[in-house]
Amino acid sequence: MNARVLVGCERSGVVRRAFEARGYDAWSCDLAPADDRSNRHIRGDLRDHLDDGWDLLAVMHPPCTVLCNSGAKWLYIGGKKVNGPDPDRWHELRQAAAFYRHLRDARQIARRAIENPIMHGHAIELTKRGITQFVQPWWFGEPAFKATGFELINLTKLVPTKRLTPPKPGTSEHKAWSRVHRHSGWGRHAQDRARKRSETYPGLADALADQWGQLLDVRAVA
């Protein structure tokens, strides 16, 4: 029987397709429909599908705008600490942290990876985030800067596969590699920008499927 992989909080299908291409019984799950209209996409709350017999849970895009370091100032009214806490933002932060913990602690799935951003101190405290590996797309042949963290449970750290040489700061190529940082996650049209910032690069998806898939193959043989 092929190992079963659940790719959580993904609508693009990039990671799902990478695992599926390698023969795994891979499904994605998100509140929104799949961008590629795949019939291997579960539309709903990821927490409702954790008990369906998965061998690997890879949560790719949990709510991160209130967890990431760049969003810390918005925990305060008007983005200024002197104005005092913004109750709505803090409520969102606590909800996002609880969601993160729920998935990270889903022990019914032996192997788990929870993607997370560079967090501010409040987020780290509330999520109780463990040891996290941060990787870059350019480690996997993608000409881009985007620090992506994975808290790993019973999974090995990712090994670079097609490491590129980053361009020098100040060059047009360096600016091109930094394009994801030009999409602000806040303000008008924040949802569209947040989606662009969170997209998984195919090179990284291939590395996930190849390297973590090997661990699933070992289990299947055993």
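The values are calculated or read from the model by the stated rules, or taken from the named source; none is laboratory data. Just so you know, these numbers come straight off a predicted model, no measurement behind them. Glycine also receives a Cβ, built like all others from the backbone with ideal geometry; neighbour counts cover every protein chain displayed.
Observations
- Segment 96-114, residues that are of a type in the set (D, E, K, R) and over 19 Å from residue 134 (Cα atoms): 105, 107
- Subset of segment 120-144 (residues that are charged (D, E, K, R) and either touching a residue at least 12 places away in the same chain (Cβ under 8 Å) or in contact with a Lys or Arg (Cβ under 8 Å, 6 or more places away or on another chain) (or both)): 128, 129, 142
- Single match in 42, 77 (criterion: among the aliphatic types (A, V, I, L, M), in contact with a His (Cβ under 8 Å, 6 or more places away or on another chain) and free of Cβ contacts under 8 Å to residues at least 60 places away in the same chain): 42
- Which numbered condition residue 130 misses (of (1) surrounded by 17 or more Cβ atoms within 10 Å (Cβ to Cβ); (2) assigned to a loop (DSSP other than H, G, I, E, B)): (1)
- Among the residues of segment 137-148, those that are of a type outside the set (Phe, Trp, Tyr) and either modelled with pLDDT of 95 or more or in a loop (DSSP other than H, G, I, E, B) (or both) comprise 137, 141, 142, 143, 144, 146, 147.
- Of all residues in segment 47-64, one or more are touching a Pro at 6+ places or on another chain (Cβ under 9 Å), farther than 28 Å from residue 217 by Cβ and at pLDDT below 95.
- For residue 189: the one exception among (1) at negative phi; (2) modelled with pLDDT under 95: (1)
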